[in-house]
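Please treat every number below as a calculation from the coordinates, not as lab data. Here the structure is a predicted model, which means the values were calculated and not measured. Because the Cβ atoms are built from the backbone with ideal geometry, glycine has one as well, and the counts that use them run over all protein chains shown.
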Amino acid sequence: MSQNPEFSLNSDTLGVVYKDTGVLEGYESAEAESVGETHAIVGAYYEPSGEYKGLYFVLPEGELKYFDIEAVKLGNQTNGAYITFEADSKFWIIRNLEETDGAWVSKYKMELPVEVLKQLIVGRSKPALAKYLGVDIPDTIPEFESLTAYFSEKSPSIFALNYMSSQGIYTRLDYEWEKSEVSFDYYEDMAVAEIEPEKASDLLEKFDDADGIFPVKDVLKTYEVGGK
C-alpha cells in the first residue's frame, strides 16, 4: 500500500464513493470465505487525477487508508449494498453495517441494532471527522455502553435484560433488541446486575434459548461483574 498522501475534501475533482458509517473488509481473494482485515469507516472518497489520485477511506481513529487504484476497477454487487475492488493483492468490500458487527464494534462483543453501532463508531470518530471532513461533533452525552439484568428479589427469573447507550435503552425480546420508551424510574424498585462484557455474548445466546426465562442465580453467579 502506498503511503497516505495529504488528503483534503477541498478538491474540486474529489468524488464520494461511500458517504456513510460502514465497513471495509479485506479478503485474500474474491473466493475466500474468511475475512482477513476489517475496518470501520466514516466515508470513502476517490480522487481521479493529480498527485493524490486514488481511493481514500476515513477511519474513526483519525487515520486514512489509501489505495492507489483506478476508478474503473470499482464494481457494484447486484443488491447495491456492496462496492468491491482489488488492491494490494487483496479483494476488498465496502458494505453497510450489520447487527452482527457488534461482535467487534461493541465492548460487549454481541449483536446490536445498526443505529447503535453507527453511534458508537461516530462517537469514536471526532478526530477523523474534524481533520478530514471538517465536521465538528458537539460535546453532548459521552458515549457509553451498559448491559444490565433487572430482577425482583422474590422472583427466580430476571425481569429484563437491557442494553443502554447514548442511543437509549433497548430490551431483549424474542431474539431482538427493541427500543424501550420506559424511564429509569420503571426499574427503581428492582435489583440490578451489571453484566461482564466478555460474557455478554454467551449470556445473550442462553437468554434467547430460554425464551427470556433465565435464572437470577445464574446471572449473579456466572455473568455479573465480580460474580463468583
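Quick notes
- Based on Cα contacts under 8 Å between residues 6+ apart, the range 81-228 shows a relative contact order of 18 percent.
- D_trans [Stokes-Einstein, Kirkwood Rh over alpha-carbon pairs] for the chain, 10 °C, 1.306 mPa s, µm² s⁻¹: 80
- Put a plus charge on the Cβ of each Lys and Arg, a minus charge on the Cβ of each Asp and Glu, and nothing anywhere else: the dipole of the chain about its Cα centre is then about 280 debye.
- Amide H to amide H, with H built 1.01 Å from N, ILE169 comes under 5 Å of SER180, counting only residues 5 or more places away or on other chains.
- Cross-link reach list, aspartates and glutamates versus LYS19, counting only Cα pairs under 18 Å and skipping chain neighbours closer than eight places: GLU47, GLU61, GLU63, GLU98, GLU115, ASP136
- With 28 Å as the limit on Cα-Cα distance, the pairs of LYS107/LYS131; LYS179/LYS206; LYS118/LYS154; LYS109/LYS154; LYS118/LYS221 that go past it are LYS118/LYS154; LYS109/LYS154; LYS118/LYS221.
- Sequence of ILE93, ILE121 once ranked by neighbouring C-beta atoms within 10 Å, starting from the fewest: ILE93, ILE121
- Global geometry of the range 103-228, whether rounded, prolate or oblate, following the gyration tensor of its Cα atoms and the 1.5 cut on a/c: prolate
- Simple spin-label estimate for LYS179 and GLU198 in nanometres, 7 Å along Cα-Cβ: 3.5
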